[in-house]
């Protein structure tokens, strides 16, 4: 199989794509990552040892505005460059996790007649995936709600999670810490509330991944024993933090939520208000309906309320929560996506 992988803008698009790319390569596929010159995908591909080709890309906007027409012109230009690169690489199939940087690649695949397989991470599909799902060979989704959006063309395949985290999720749990994570876009509002809530929860241990230069949390950590602040947690540190967690506080991005579910943990989810189509709120609603999370709007996220919820979740039955999480995750997510790619490859490759 000759595979082009695309998707970018945030880590939520990039990391699942990298997992699929690495697994496909391990099975003998010739893989290249096509993405934005300014997104996270270039660096992630380099770390994974995957060939990367970058193109100028910008968000898609409505054609009712001047900005929309400019974005359409940019899409056509980037797509022309992607078509040239694709004609050289000659893929049998293109796999997209969406995001604005994937749009020109998907458009090029459509024009060249290359089968397209799409994966949607969030409950409410992003603009690029909504547009190109109509011409895709197949669509895989993470959340149940997305099945209603895409209809019969969609299959729930779950979300690929980094292999290192999956391995650590199988270990023994301490369940002592509160873990705070902001996701790939950061969460300054969550950081500020968490720092104050941690002060009122002594002596219980907290691990707080803040993003860079969060002075409020850093100052609170110096004054409060047992409150550990890190700007960033690598995959080993994240696995260690989640393995020791009793409850997680964070945004409601699909990757963060899926990782939490793999570890069988309850969560307090504060959706990012500016997320496209408020998709993080819909993500959080699915977990809340399952009884494994509390949806806490940012406007209601006070230190007192966070602390109340932390204490409530500490009293919950961990075995029951773990069982519900296990029902939601799809352990063979990557295998299901690779099967979709194999099926799409039965169509004629680029000639």
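Key figures
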| read-out | value |
| --- | --- |
| Filter result for residue 185 (within 27 Å of residue 39 (Cα to Cα) and either in a helix (DSSP H, G or I) or at pLDDT 90 or above (or both)) | no |
| Counted residues, region 56-81 - those being in contact with a strand residue (DSSP E or B) (Cβ under 8 Å, 6 or more places away or on another chain) and either in a strand (DSSP E or B) or at pLDDT 70 or above (or both) | 3 |
| Selection count, region 272-291, where residues are modelled with pLDDT of 95 or more and either farther than 19 Å from residue 161 by Cα or surrounded by fewer than 19 Cβ atoms within 10 Å (Cβ to Cβ) (or both) | 7 |
| Residue match in region 106-116 (condition: within 29 Å of residue 272 (Cα to Cα) and modelled with pLDDT of 95 or more) | no |
| Subset tally (residues that are without any contact (Cβ under 8 Å) to a residue 40 or more places away in the chain, surrounded by 22 or more Cβ atoms within 10 Å (Cβ to Cβ) and in a strand (DSSP E or B)) for region 1-55 | 2 |
| Positions within region 336-351 being touching a residue at least 40 places away in the same chain (Cβ under 8 Å) and in a helix (DSSP H, G or I), in sequence order | 336, 337, 338, 340, 341, 342, 343, 344 |
| Test: residue in region 173-182 that is more than 20 Å from the chain's Cα centre (by Cα), at pLDDT 90 or above and either closer than 30 Å to residue 113 by Cβ or not in a loop (DSSP other than H, G, I, E, B) (or both) | yes |
| Pair list, Cβ under 6 Å, 6 or more apart: region 293-305 residue part of a loop (DSSP other than H, G, I, E, B), other residue surrounded by 12 or more Cβ atoms within 10 Å (Cβ to Cβ) | 296/268; 296/270; 301/193; 301/270 |
| Test: residue in region 308-319 that is in the same structural domain as residue 243 (by TED's automatic domain parsing) and on the phi > 0 side of the Ramachandran plot | no |
| Hits in region 140-198 (condition: touching a strand residue (DSSP E or B) at 6+ places or on another chain (Cβ under 9 Å), closer than 30 Å to residue 225 by Cα and free of Cβ contacts under 8 Å to residues at least 60 places away in the same chain) | 191, 195, 198 |
| Scan of region 107-129 for residues that are over 17 Å from the mean Cα position of the chain (by Cα) and under 20 Å from residue 155 (Cβ atoms), ordered by number | 109, 115, 116, 117 |
| Residues of region 147-168 classified as in a loop (DSSP other than H, G, I, E, B) and at pLDDT 95 or above, total | 4 |
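The values are calculated or read from the model by the stated rules, or taken from the named source; none is laboratory data. Keep in mind that what you see is a predicted model, and the values were worked out from it rather than measured. Cβ sites come from the backbone with ideal geometry, for glycine too, and all protein chains shown count toward neighbours.
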